[in-house]
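K.L.:
This structure is in structure tokens; I'll ask about it shortly.
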Amino acid sequence: MSDALKRVSVEVSGKEISFETGKLAKQATGAVVVRAGETMVLCTAVVGNLRDADFLPLTVDVEERMYAAGRIPGSFFKREGRAGEKATLTARMIDRPIRPLFPKGWRYETQLVVMPLSVDHINPYDILAINGASAALQLSGAPVAAAVGAVRIGKVDGNFVVNPAEEDLLENSDLDLIVAGTAEGITMVEAGANEIPEAEILDALDIAHDAIKKLCAAQAELKSQAGKPQIEFVAPGVHDDLYAQVQASHGAALDAATQIEDKLERQNATEEVKAQIVERYAGDPTGEGYEEARAHAQRAADKLEKSIIRERIAIKKIRPDGRASEEIRQIDIEVGVTPRTHGSALFTRGQTQVLSTVALGTTREEMRLDTLGLETAKRYFHHYNFPPFSVGEAGRLGGPKRRDIGHGALAERALVPMIPSQEEFPYTIRVVSDTLESNGSSSMASVCGSSLSLMDAGVPLKKPVAGIAMGLIKEGDEYIVLTDIAGVEDHLGDMDFKVAGTHDGITALQMDIKITGVSFEIMRDALTQAKNAREFILGKMEAVLPAPRGELSKYAPGIATIKIDPEKIGLLIGKGGETIRSLQEEFESQIDVNDEGQVLVYASNRELGDALIDRIRSMTKEVEIGDEFTGKVVKTTTFGAFVELAKGTDGLLHISNVAPGRRIATVEEVLNKGDELSVRVVEVDRERGRIGLRLADDPEIAGKSVEELASVVAASNGGGERRERSDRPRGDRDRDRSRDRDRDRDRGGRGGRVRDSDPDRG
């Protein structure tokens, strides 16, 4: 190891996690390579120039490189484009626990960039990315309050596992819990679960924090070896005398404005009072030092607003809209709102309103994933949109923002455990939640609306799912946990705690804590209140739609399934896919077939779909004595007509059976190529691959059982017309046999034989 290279490591649940600096990206303000197994992530931090901004200019980017998993990108250009959903969600998980640790007023442009360099599909890179980004920031000299550690908790075979292997996480775990925090406490939680009880979630958080402390200690050790001197920074404060003046002159007016119940009216009244404060205390706009005085006045007004609202909620127990701490705003629900969609629901809670709609598609329309993970596709996905009009603003519309992607992923995670399997419901399912109005927790409203819209669509959801957002205001030793937080309570509060689940347990969890000192007792109170609220909302939902509808929308693609012998798949597909394409065109349907022989038929016309299933069944079933078919004559010969029973399977209608009751010299006297007729199978010789037919309305076989048919065939083979044929001159019989051989060779075995399809399955 060179003098420049520094390395520290820590063991977490029997696995080594190492932090290295001094070798890669040395011009960054801070750079760390984090390793676990053969997964390797480069994390950099750069502190740039001072910006004239009224927000924290922190940017987090995760750049997935497909070479890390030995893959080439699937796009046309064969290179990575904009960040995908996985990278975006990882960037959000890095940002959320780190952002509150910057000092108030930090205005230096700061960027964290994460690049996975190697992925072993055992150790997921996202956990390493959170730890590495924090370590790089520690080395940069930025005055963040503390290091952030992160771990994942799974539940495999009933036991909690710290940082489980990726395959176990996907296939065997009932819990995917990502926890980040400092040595003092937990600051972020992100979880998907299969109805995990609240008490178990608390146990998992406790286990996670023990591991987080080790990771924070390792980062502190690396900082002591290679960290840059901390940047001197004095956070802009509020002058005590100015604050006292503002409180005396405008405190009452601001107190009254912040108690108006309606969101927009409250915002307008509050901003008007704050504008009066700035105008009064900023001085002459043309005078020297105006901008500085204005900034001081604005900070004093903001501090007074925050102090008034927080004290009123935490100490006086009075919320801005007058609700009790556990009171949920009025809920209105309507289903079947949009008639041409496959399912829809409008969920309104107070001034938050979400329209969720469902579209059902075929299995070919599943979402393909081009990421560094093991998962390559998903058949259920949820998209969330937050247009600016939902909060009374005018803004630019474009692609989904990071917040939209994060909220959509949270709602998707909440519902995934309740989605029926593909065997039970062989559709691809897309849900879209459009936020039409927002005043707090539109993401949880989208969970409720999506659950209802899925049931309205007739998706056999295992159980309905509801979500609720909780908040916390803590002033000294006084605190209050708030149910169903509104926007102002989220903005000025200390915790945003979203919980979704069924009557029986949690399916998704997201928590962001902005302060230290949030004890497990407080989190326990929040989880208990959240469960009570979830039960209440589920009751409201079940009163409107107690169970999934019994049938799908008439506009949804109809689906039917049939199981065929896997050996017959080639027969169904045909050479180069010719057979399956012709069937799809003829019946205006789509056919999907998997390697196990499960055939899915999607048809907009249910009758055509049923007819196609019957056709596939007849094509692929083993022909038995007594089966009846309607088929076309595909060839006539001197000794009979070959009738196509199914694609690739012909039977022979002997000339003696073409016209029951009379003798004919040639088959063409009665039948020609292309004629359709109904026939019945009277003989199957599997060893020779021959199928014998009689006309279905032949009185000699009408109504006879399989055993009786065998007797008829035996008698026929022993005399009558067949004997006459055997009495023909030997030269004629030889010519017939020669023609038989030529016909079998030219027509690939046709001639009363069951033909094997081309082994190429398309």
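What follows is calculated from the coordinates using simple rules that are stated; it is not laboratory data. None of the values given here were measured: they were computed from a predicted structure. Counting neighbours? That spans all protein chains shown, and the Cβs are built from the backbone with ideal geometry, glycine included.
K.L.:
Please get the size of the charge dipole for segment 331-544, origin at its Cα centre, with Cβ charges of +1 on Lys and Arg and -1 on Asp and Glu, quoted in debye to the nearest 20.
P.N.:
Magnitude of the dipole: close to 660 debye.
K.L.:
Next question. Sorted by mean Cβ packing within 10 Å, highest first, what order do the peptides 404-415, 19-30 take?
P.N.:
404-415, 19-30
K.L.:
Give me D484, D61 sorted ascending by neighbouring Cβ count inside 10 Å, so fewest comes first. List each step's numbers first, then the result.
P.N.:
Values: D484 28, D61 15.
Neighbour counts put them in this order, fewest first: D61, D484.
K.L.:
Using DSSP to call loops (not H, G, I, E or B), can you name the trypsin sites (Lys or Arg not before Pro) in segment 262-364 whose Cβ has at most 11 other Cβ atoms within 10 angstrom?
P.N.:
Answer by residue number: K316, R340.
K.L.:
Here is a further query. What is the extension gain from R82 to E669, computed as 0.36 nm multiplied by their sequence separation minus the C-alpha to C-alpha distance, in nm to one decimal?
P.N.:
Extra length from R82 to E669 when fully extended: 204.2 nm.
K.L.:
Tell me which residues come under 5 Å, amide H to amide H, from Y384 once H is placed; ignore anything under 5 positions away on its chain.
P.N.:
So Y384 has HN proximity to G408, S433.
K.L.:
Pairing the Cα long axis of helix 578-587 with the longest principal axis of the chain, what angle in degrees results, from 0 to 90 and rounded to the nearest 10?
P.N.:
80 degrees
K.L.:
Using only Cα atoms, find the angle between the long axis of helix 290-314 and the longest principal axis of the chain, and express it within 0 to 90 degrees, rounded to the nearest 10.
P.N.:
Around 70 degrees separate the two axes.
K.L.:
Quick one: K463, K104, K86, fewest Cβ neighbours within 10 Å first, how do they rank?
P.N.:
Fewest-to-most ranking of K463, K104, K86: K104, K463, K86.
K.L.:
Starting from the 7 Å offset along Cα-to-Cβ, what nm value, one decimal, do you get for the label separation of E622 and R294?
P.N.:
8.8 nm
K.L.:
Right, next: Go through (1) 125, 60, 51; (2) 128, 65, 52; (3) 109, 50, 42 and flag the label whose value is the computed Cα extents along the principal axes in Å for this structure.
P.N.:
Looking at Cα extents along the principal axes in Å for this model, the match is (2).
K.L.:
Taking 0.36 nm per intervening residue step and subtracting the Cα-Cα distance, what contour gain separates R690 from E272 on full extension?
P.N.:
Stretched out fully, the R690 to E272 stretch lengthens by 141.2 nm.
K.L.:
Can you give the relative contact order of the chain as a percent, counting alpha carbon pairs under 8 Å and 6+ residues apart?
P.N.:
9 percent
K.L.:
Can you tell me the 0 to 90 degree angle between the C-alpha axis of helix 85-98 and the longest principal axis of the chain, rounded to 10?
P.N.:
20 degrees
K.L.:
Using 0.36 nm times the number of residues separating K228 and V156, minus their current alpha carbon distance, what extension gain do you get?
P.N.:
21.7 nm
K.L.:
In segment 193-315, with Lys and Arg counted as +1 and Asp and Glu as -1 at Cβ, which of these residues, Q230, A256, A208, has the Cα nearest the positive end of the dipole, that is, farthest along it?
P.N.:
Q230
K.L.:
Measuring from a point 7 Å past the Cα of K15 along Cα-to-C-beta, which residues in segment 90-121 have an amide N at less than 18 Å?
P.N.:
90, 94, 115-121
K.L.:
Also, quick follow-up: Let me know the charge dipole size of segment 532-674 about its Cα centre in debye, to the nearest 20, where only the beta-carbon of Lys, Arg (+1) and Asp, Glu (-1) is charged.
P.N.:
220 debye
K.L.:
How would you rank C448, C216, going from fewest to most other Cβ atoms within 10 Å of each one's own Cβ?
P.N.:
Values: C448 31, C216 24.
Sorted ascending by nearby Cβ count, the order is C216, C448.
K.L.:
Before anything else, pin down the relative contact order of segment 565-696: Cα pairs under 8 Å, at least 6 apart, normalised by residue count, whole percent.
P.N.:
19 percent
K.L.:
Then there's this: Taking R0 as 25 Å, what FRET efficiency do you get between E261 and A53 from their Cβ-Cβ distance, rounded to the nearest 0.05?
P.N.:
Values: r = 33 Å, r/R0 = 1.32.
After rounding to 0.05, the efficiency reads 0.15.
K.L.:
Same structure again: Just order 551-557, 644-650, 532-538 by mean Cβ neighbour count inside 10 Å, highest at the front, would you?
P.N.:
Final packing ranking: 644-650, 532-538, 551-557.
K.L.:
Looking at Y602, I186, G539, which one has the Cα that reaches farthest to the positive end of the dipole of the chain (charges on Cβ: Lys, Arg +1; Asp, Glu -1)?
P.N.:
So the residue furthest toward the plus end is Y602.
K.L.:
For the chain, build the charge dipole from Cβ charges (+1 Lys, Arg; -1 Asp, Glu) around the Cα centre, then report which of V34, M418, Y243 sits farthest towards its positive end.
P.N.:
V34
K.L.:
How large is the charge dipole for the chain, taken about the Cα centre, if only the Cβ atoms of Lys, Arg (+1) and Asp, Glu (-1) carry charge, to the nearest 20 debye?
P.N.:
2020 debye
K.L.:
Report, by chain and number, residues whose modeled amide H sits under 5 Å from the one on L482, excluding near sequence neighbours (fewer than 5 apart, same chain).
P.N.:
G471, L472, I473
K.L.:
Using a 10 Å cut-off on Cβ atoms, rank the peptides 138-145, 374-381 from the highest mean neighbour count down.
P.N.:
138-145, 374-381
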